[in-house]
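The next block holds one structure in the form of structure tokens; read it before the comments.
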Amino acid sequence: GVDLQVCTSKNPTCCTRKMEERYQTAAKQDIQQVLQTSSATLKFLISHNAAAFQETFEMLIRLAENYTSTLFCNAYRNMAAEATVHVQEFFTDVGLFLFGTDVSTEEFVNRFFDTLFPVVYNHVINPGPTDISLEYTECLRVVRRDIRPFGNIPKKAIELMGTSLSASRAFLQALNLGIEVINTTDHLHFSKDCSRALLRMQYCPHCQGLTLSKPCMGYCLNILRGCLADTAEVDLHWRGYIQALEELSGALSRAQGIQHVLLNFHSLVSDALEQARIKGPELSEQVNKICGPPVRKPKQSLRCSFDQNKDNQGLKMLSRDNEETLSNRRKEFIGHLRLYRAFYGGLADQLCGNELAATDGLPCWNGEDVVRSYTHRVVGSGIKAQSANPEVKVKGTDPVISQIIDKLKHVIQV
């Protein structure tokens with residue numbers, strides 16, 4: 001083959017242009033494969049834990065909803081059917097917030113107590129033979145924040161939910177971003193210059209019949225540090241990300257955890273209902289002043305429709321899996337993740353050292369011939385160091401990598 005583009009040599013060659021093109025594709029696939037293999041355990045560690053934490057949180061939400069609905073069924077049977085609808089809406093909002101939707105904790109906690117007040121008024125404060133009308137319900141909903149029938153319990157609920165849910169939400173978001181970072185660096189787009197360098201390193205010796213020779217260590221490092229220069233830029237931010245996760249995990253262990261806050265929400269609601277019951281006459285008076293006397297409509301007979309046994313098997317297991325276990329699981333995960341702090345900084349070295357390059361002292365391929373040792377200068381990692389790279393030309397940062405770095409900076413701030 002006289003028309004070879006990369007594997008040109010002074011010696012006779014057994015490659016054609018077509019073979020060279022196929023080797024080119026193979027070289028790119030090989031490096032993708034090696035990259036994905038090197039990050040596989042790290043990726044599994046994060047994705048496995050992200051799924052496990054998400055599942056635990058979903059369980060907690062279901063259990064907390066059960067506790068709260070049970071409270072109404074046991075202690076306030078006459079209004080349980082209406083109240084459990086609002087309980088369900090509330091815990092749906094908790095889930096939406098926790099798994100990343102843009103809703104505010106203050107807003108949905110307030111909405112829960114706003115919608116609960118008309119039900120409490122109708123059944124506990126001013127019960128009548130008939131139900132209050134829709135317009136009157138609306139008026140009660142609107143005045144709840146001014147007359148504060150539940151004392152400062154809604155405010156307390158907002159604070160507790162805000163801190164515990166936000167921290168757990170940040171933790172989940174960070175884990176999902178970790179997976180995204182690895183997926184991004186696993187599927188890098190290699191420049192034309194890098195692709196040619198990979199071909200020269202891995203398959204050009206085959207064209208001269210040298211199928212067993214491996215690249216020299218320094219030669220391999222120059223090529224991979226050039227091809228992975230962008231990825232090395234992730235290193236600093238990846239270390240910051242792991243440190244931020246570590247700090248967040250510590251804070252989560254010290255603070256009132258999500259488990260405590262969710263599973264005790266029903267007792268907050270119980271206190272709120274008790275306060276409204278005690279202040280009944282005074283509240284009735286205030287409401288009459290603002291909304292007028294109750295306007296009523298025929299009563300609908302609703303039974304307590306909540307099925308207490310539905311989830312109890314799985315949920316009993318969870319209540320045993322208490323706060324301690326959640327905290328230990330986080331600590332264990334962070335302990336494993338810490339081992340990958342330098343993952344992006346040492347990626348090229350790891351790949352050359354583990355499988356690609358020849359062991360020191362053995363004859364090796366330097367891009368042109370089999371030699372005793374590689375004589376060119378070996379450059380460092382990262383974009384700046386590549387200006388002196390004798391094997392690969394590197395132009396600026398890949399926009400995809402810049403984007404993932406911005407996301408890491410953002411999640412560290414969160």
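The table below gives the values:
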{"read-out": "Residue list for region 55-104, filter: acidic (D, E) and either under 15 Å from L263 (Cβ atoms) or out of contact with any Asp or Glu (no Cβ under 9 Å at 6 or more places or on another chain) (or both)", "value": "E55, E58, E65, E82, E89, D102"}
{"read-out": "Those residues of region 2-25 which are of a type in the set (A, V, I, L, M) and in contact with a helix residue (DSSP H, G or I) (Cβ under 8 Å, 6 or more places away or on another chain), in sequence order", "value": "L4, V6, M19"}
{"read-out": "Breaking point among (1) at pLDDT 80 or above; (2) crowded, with 18+ Cβ neighbours inside 10 Å, for K384", "value": "(2)"}
{"read-out": "Residue in region 175-194 that is more than 18 Å from the chain's Cα centre (by Cα), surrounded by 21 or more Cβ atoms within 10 Å (Cβ to Cβ) and not in a loop (DSSP other than H, G, I, E, B) present", "value": "yes"}
{"read-out": "Single residue of region 88-110 satisfying the filter (surrounded by 15 or more Cβ atoms within 10 Å (Cβ to Cβ) and touching a residue at least 40 places away in the same chain (Cβ under 8 Å)) that is nearest to A50 (Cα to Cα)", "value": "F99"}
{"read-out": "Options Q300, Q275; residue that is modelled with pLDDT of 90 or more and under 19 Å from R141 (Cβ atoms)", "value": "Q275"}
{"read-out": "Filter result (under 29 Å from the mean Cα position of the chain (by Cα), farther than 17 Å from F44 by Cα, in a helix (DSSP H, G or I) and not acidic (D, E)) within region 332-375", "value": "L347, A348, Q350, L351"}
{"read-out": "Boolean, S47 is touching a Cys at 6+ places or on another chain (Cβ under 9 Å) and either hydroxyl-bearing (S, T, Y) or surrounded by 19 or more Cβ atoms within 10 Å (Cβ to Cβ) (or both)", "value": "no"}
{"read-out": "Lone qualifier among E55, E82 - being of a type in the set (D, E), in contact with a His (Cβ under 9 Å, 6 or more places away or on another chain) and not in a loop (DSSP other than H, G, I, E, B)", "value": "E82"}
{"read-out": "Residue within region 143-160 that is basic (K, R), part of a helix (DSSP H, G or I), closer than 30 Å to L252 by Cβ and open to solvent by 40 Å² or more (accessible area, probe 1.4 Å) present", "value": "yes"}
{"read-out": "Pairs, first within 20 Å of T84 (Cα to Cα) in region 50-63, second surrounded by 15 or more Cβ atoms within 10 Å (Cβ to Cβ) and among the polar types (S, T, N, Q), C-beta under 7 Å, six or more apart", "value": "L60/Q259"}
{"read-out": "Test set (1) under 37 Å from the mean Cα position of the chain (by Cα); (2) outside any helix (DSSP H, G or I); (3) not acidic (D, E) - F113 fails condition number", "value": "(2)"}
{"read-out": "Residues satisfying the stated conditions in region 196-220, i.e. part of a helix (DSSP H, G or I), in contact with a helix residue (DSSP H, G or I) (Cβ under 6 Å, 6 or more places away or on another chain) and not aliphatic (A, V, I, L, M)", "value": "Q202, C220"}
{"read-out": "Candidate set: region 244-280, residues that are free of Cβ contacts under 8 Å to residues at least 12 places away in the same chain and over 25 Å from H86 (Cα atoms); chosen: the one most open to solvent (accessible area, probe 1.4 Å)", "value": "R254"}
{"read-out": "Criterion: exposed (fewer than 14 other Cβ atoms within 10 Å of the Cβ) and touching an Asp or Glu at 6+ places or on another chain (Cβ under 8 Å) - qualifying residue of R338, R377, R372", "value": "R338"}
{"read-out": "Residue within region 109-126 that is more than 22 Å from I278 (Cβ to Cβ) and modelled with pLDDT under 90 present", "value": "no"}
{"read-out": "Qualifying position, being modelled with pLDDT of 90 or more and over 36 Å from the mean Cα position of the chain (by Cα), among V400, V378, V394, V411", "value": "V378"}
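The values are calculated or read from the model by the stated rules, or taken from the named source; none is laboratory data. Note that the structure is a prediction, hence the values are computed from the model and not measured. In this analysis, Cβ positions are derived from the backbone assuming ideal geometry, glycine residues included, and neighbour counts consider all displayed protein chains. Side chains are part of the model used for accessible areas, which takes the heavy atoms of the whole protein and leaves out ligands, DNA and RNA. Shrake-Rupley method; radii C 1.70, N 1.55, O 1.52, S 1.80 Å.
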